[in-house]
Amino acid sequence: TQLLEQSPQFLSIQEGENLTVYCNSSSVFSSLQWYRQEPGEGPVLLVTVVTGGEVKKLKRLTFQFGDARKDSSLHITAAQPGDTGLYLCAGDASNFGNEKLTFGTGTRLTIIP
Amino acid sequence: DTEVTQTPKHLVMGMTNKKSLKCEQHMGHRAMYWYKQKAKKPPELMFVYSYEKLSINESVPSRFSPECPNSSLLNLHLHALQPEDSALYLCASSLITSTGELFFGEGSRLTVL
């Protein structure tokens with residue numbers, strides 16, 4: 001069974017600060033997806049990383065997939081209140097016989113104006 | 001049209017009631033999902049339909065009964081639920097596989113009295 005641990009579990013910071021969220025596993029994934037879920041809504045896909053070492057940027061958000069494809073990070077620069085939400089990573093291990101996504105434990109981020 | 005639509009948005013039911021949650025997508029996706037999400041937790045997979053056939057049932061109690069009438073529609077029939085079944089029920093779809101990028105609806109918030 002693949003497990004994805006996210007850290008920190010909760011993070012509350014001031015507007016304008018930088019932060020990094022981590023998504024770690026002992027298992028290898030074919031790809032990893034990041035979602036953001038705002039209160040009262042369903043999760044929304046932000047990005048998918050596929051290649052080991054890959055870096056993708058989405059405005060102030062930078063996503064990295066570990067070289068060994070076991071971990072990923074999300075870095076937010078100059079956080080804004082609109083970044084508030086539950087951040088979820090989700091790993092695809094279908095190439096290794098797991099036919100369903102594994103969701104991470106989640107990071108609840110609050111940006112204080 | 002890149003939306004997954006869920007109805008109702010809110011549902012309150014007694015333990016002896018029978019109700020249904022509905023989900024619709026018109027993106028041509030062939031995999032559809034039901035997830036259950038408790039407060040401050042990641043979504044937990046319940047069922048996956050692939051090409052209108054049930055492909056994954058995560059040992060969900062029989063008081064939850066899924067149905068996929070056609071490739072665009074997904075229902076979740078509820079009967080004799082327990083108060084601990086109160087949660088946000090999320091429908092999602094993906095293009096083909098059960099590990100593809102997910103498009104979520106806004107969810108149906110269920111309260112069982």
Rough spin-label spacing in nm, given labels placed 7 Å along Cα→Cβ, for B:His77 and A:Arg60: 4.9 nm
Scattering profile of chain B at q = 0.16 Å⁻¹ [log10 I(q)/I(0), Debye over alpha-carbon scatterers]: -0.65
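For chain A, with all protein chains present and a 1.4 Å probe, just round the carbon and sulfur fraction of the accessible area to a whole percent. Intermediate values should be presented prior to the final figure.
Numbers: 2580 of 5270 Å².
Accessible surface attributable to carbon and sulfur in chain A totals 49 percent.
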Solvent-accessible area per residue for the stretch A:68-113 (1.4 angstrom probe, square angstrom): 38 Å²
Nearest-20 debye value, the stretch A:1-85 charge dipole, Cβ charges on Lys, Arg, Asp, Glu: 260 debye
Where B meets A: accessible area buried, both sides, 1.4 Å probe, Å²: 1600 Å²
For the stretch A:50-71 and the stretch B:1-50, distance of Cα centres in Å: 30 Å
Members of the stretch B:84-113 that become less accessible by 30 Å² or more once partner protein chains are added (1.4 angstrom probe, chain alone as reference): B:Ser98, B:Thr99, B:Glu101, B:Leu102, B:Phe104, B:Glu106
Per principal axis, descending, Cα span of chain A in whole Å: 45, 28, 20
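What FRET efficiency comes out for A:Ala68 versus B:Lys53 if R0 is 30 angstrom and r is the Cβ-Cβ distance? Round to the nearest 0.05. Intermediate results must be reported in sequence, preceding the final value.
Numbers: r = 35 Å, r/R0 = 1.18.
My answer for the efficiency is 0.25.
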Using distinct alpha-carbon pairs, which all enter the 1/r mean, Kirkwood radius of the protein assembly as shown in Å: 18.1 Å
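What trypsin sites (Lys or Arg not before Pro) does the stretch A:48-92 have in DSSP loop regions with at most 15 other beta carbons within 10 Å? Can you show the working numbers first?
Numbers: sites: A:Lys56, A:Lys57, A:Lys59, A:Arg60, A:Arg69, A:Lys70; in loops: A:Lys59, A:Arg60, A:Arg69, A:Lys70.
Here the trypsin sites (Lys or Arg not before Pro) that fit, given the DSSP loop and packing criteria, are A:Lys59, A:Arg60.
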Buried on assembly, the stretch A:79-101 (at least 50 Å² less accessible surface than by itself, 1.4 Å probe): A:Glu99, A:Lys100, A:Leu101
Those residues of the stretch B:16-53 for which accessible area with every protein chain present is at least 50 Å² below the isolated value (1.4 Å probe): B:Lys40, B:Pro42
Pairwise FRET efficiency - B:Met15 versus A:Asn18, Cβ, R0 = 45 Å, nearest 0.05: 0.40
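The values are calculated or read from the model by the stated rules, or taken from the named source; none is laboratory data. Since we're looking at a predicted model, the values are computed, not measured. As a convention, Cβ positions derive from the backbone with ideal geometry for all residues, glycine included, and neighbour counts pool all protein chains shown. With ligands, DNA and RNA removed, areas are computed over all heavy atoms of the protein, side chains included. Shrake-Rupley method; radii C 1.70, N 1.55, O 1.52, S 1.80 Å.
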